[in-house]
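Student: Let me begin by handing over the structure; questions about it come next.
Quick note: the coordinates plus some simple rules give every number you see, no bench work behind them. The shown structure was predicted, so the numbers you read here are calculated from the model rather than taken from an experiment. Using ideal geometry, Cβ is built from the backbone for each residue, glycine included, and neighbour counts are taken over all protein chains shown.
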């Protein structure tokens, strides 16, 4: 069974290690000590906690079939006469969007603005890191 250390959980959840420690101390995340004495959380417990933290990202006046929403800050906007390329930093991830310049202007997209990338996709690639060879 997979276990996660505090730094790994912080990276997965997009929070600081201190936040994870507070959640453990408050009993929100069930942790135990590994052989080295480090606090760890079982993967299934971390997954259940992460799921409990999910929100739809939609306000009460919005309905949409899109379920993938990533809130972040606009870090770059490149405009030409017709199109705009918008980069959003959401946690440790970068999301790029190409849209009409008119849409970017109407949304007031500029560096430093809070924005939400709403993704509707029929093709999502899931990857896992390759475990190191035990030999």
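Student: Would you kindly state how much longer the chain becomes between residue 21 and residue 110 on full extension, computed as 0.36 nm times their sequence separation minus their alpha carbon distance, in nm to one decimal?
Tutor: Stretched out fully, the residue 21 to residue 110 stretch lengthens by 28.5 nm.
Student: Is the chain best put as rounded, prolate or oblate by its Cα gyration tensor, with a ≥ b ≥ c the root eigenvalues, rounded for a/c under 1.5, and otherwise prolate when a/b is larger than b/c, oblate when not?
Tutor: Prolate, because a/c is 1.5 or more and a/b exceeds b/c.
Student: Helix-only mean residue ellipticity at 222 nm, the chain, DSSP H runs n ≥ 4 weighted -39,500 (n - 2.57), per residue, nearest 500. What is it?
Tutor: -7000 deg cm²/dmol
Student: Related question: Taking neighbour counts of Cβ atoms within 10 Å as a proxy for exposure, in what order, fewest first, do 19, 130 appear?
Tutor: Ordered from fewest to most neighbouring Cβ atoms within 10 Å, 19, 130 come out as 130, 19.
Student: Now for a separate question. Any idea how far apart residue 7 and residue 100 come out in nm if each label point goes 7 Å out from Cα toward Cβ?
Tutor: 4.8
Student: Is the stretch 58-115 rounded, prolate or oblate when judged by the Cα gyration tensor, a ≥ b ≥ c being the square roots of its eigenvalues, rounded requiring a/c under 1.5 and prolate requiring a/b larger than b/c?
Tutor: Because a/c hits 1.5 or more and a/b fails to exceed b/c, the stretch 58-115 counts as oblate.
Student: Per-residue counts of other Cβ atoms within 10 Å, averaged by peptide: what ranking do you get for 5-18, 89-102, highest first?
Tutor: 5-18, 89-102
Student: Spin-label point model (7 Å from Cα, Cβ direction): what's the residue 75 to residue 135 distance in nm?
Tutor: 4.0
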